[in-house]
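The structure appears below as structure tokens.
The values are calculated or read from the model by the stated rules, or taken from the named source; none is laboratory data. Computed from a predicted model, the values in this text were never measured in an experiment. Cβ sites come from the backbone with ideal geometry, for glycine too, and all protein chains shown count toward neighbours. These accessible areas exclude ligands, DNA and RNA; they are computed on the full protein's heavy atoms, side chains included. Shrake-Rupley method; radii C 1.70, N 1.55, O 1.52, S 1.80 Å.
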Amino acid sequence: CDLPKNLYRNLLVVREVYRQQQKMYHERSCRIQGRIVSISQPHIRPIVRGKAGVPVEFGAKVSASYVDEFISFDRISFDPYNESQDLPQQVEAYKSRHGVYPASVHVDKIYRTQANRKYCQERGIRLSGAPLGRPRKDAQEQRKIKQQQRDDARYRSRIEGVFGNGKRRLSINRVLTKLSSTTITVIMLAGITLNFIKILRQF
């Protein structure tokens, strides 16, 4: 008999789950590329975050930028990728919108790779964080560097506050949609709403 569309889809997902489990069993492995962890949401992937109490998260991974107190979601993906790869594209997007490269980019530790440092240096962009090499012997220069790092950390903390506001007021940490397209839509609408809230506060 013909199966309804949703049951046929679930059958295909279950078949792939069986294949993956069988492959891991025969190879005595606990990892496999594109591992399915949910039959109803086969696009969801486990993302290892290493946070206390929640070492693994499930959901979309978002690369965001925060410019002039407005947030933009530059990339939304369900695959466990390294966010540091997105920095050049985010900087180029800034240049296309404003016509110039930013004077500085404030990032967390994961973005401070050799490739990103080289990319920013070639374009005259200051990348936040401790400089490479040994600490300066000049005490005054060392204090100046430390102060710059504290200022950068305070500036970067603003985007964490925006995400915290989104989680409290818009529940972006509990998106209940099932499809990947609708999940992305909800996240993008949350970003637009956060920017509208900022605009309304100005009036």
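Quick notes
- One chain, two ends: Q114 and Y81. Fully extended at 0.36 nm per residue, the span grows by 10.1 nm beyond their Cα-Cα distance.
- Rounded accessible area of D138 (nearest 10 Å², 1.4 Å probe): 90
- Only lysine pairs 8 or more places apart or on separate chains count here, and in the stretch 44-203 those with Cα atoms under 28 Å apart total 26.
- Neighbours of D86, meaning other residues whose beta-carbon lies under 13 angstrom from its beta-carbon, give a summed charge of -3 when Lys and Arg score +1 and Asp and Glu score -1.
- Amide H to amide H, with H built 1.01 Å from N, R75 comes under 5 Å of S63, counting only residues 5 or more places away or on other chains.
- As a length-normalised measure over Cα pairs under 8 Å and 6 or more apart, the relative contact order of the chain settles at 14 percent.
- Read-out percent of Cα pairs over 25 Å apart, derived from the coordinates shown; its label in [x] 53; [y] 71; [z] 46: [x]
- Rounded to whole Hz, the Karplus (6.51, -1.76, 1.60) HN-Hα couplings of the stretch 191-203, x for glycine and proline: x, 5, 5, 4, 5, 5, 4, 5, 5, 4, 5, 6, 10
- For R19 and D74, a Förster radius of 41 Å and the Cβ-Cβ distance give a FRET efficiency of 0.75, rounded to the nearest 0.05.
- Largest-first ordering by accessible area, 1.4 Å probe, given options V67, V107, V54, V48: V48, V54, V67, V107
- Taking amide H as placed 1.01 Å from N in the peptide plane, the amide H of I39 sits under 5 Å from none that are at least 5 places away or on another chain.
- Positive minus negative residues near G129 (Lys, Arg vs Asp, Glu; Cβ under 11 Å): +3
- Y101 long-range amide H proximity, modeled H, under 5 Å: none
- Calculated from backbone phi, Karplus (6.51, -1.76, 1.60) coupling profile of the stretch 33-40 in Hz, x at Gly/Pro: 5, x, 5, 8, 10, 8, 6, 6
- Note that the stretch 156-168 has calculated 3J(HN,Hα) couplings of 5, 5, 4, 5, 5, x, 5, 5, x, 5, x, 5, 6 Hz, one per residue in order, obtained from phi through the Karplus relation 6.51 cos²θ - 1.76 cosθ + 1.60 (θ = phi - 60°); glycine and proline are x.
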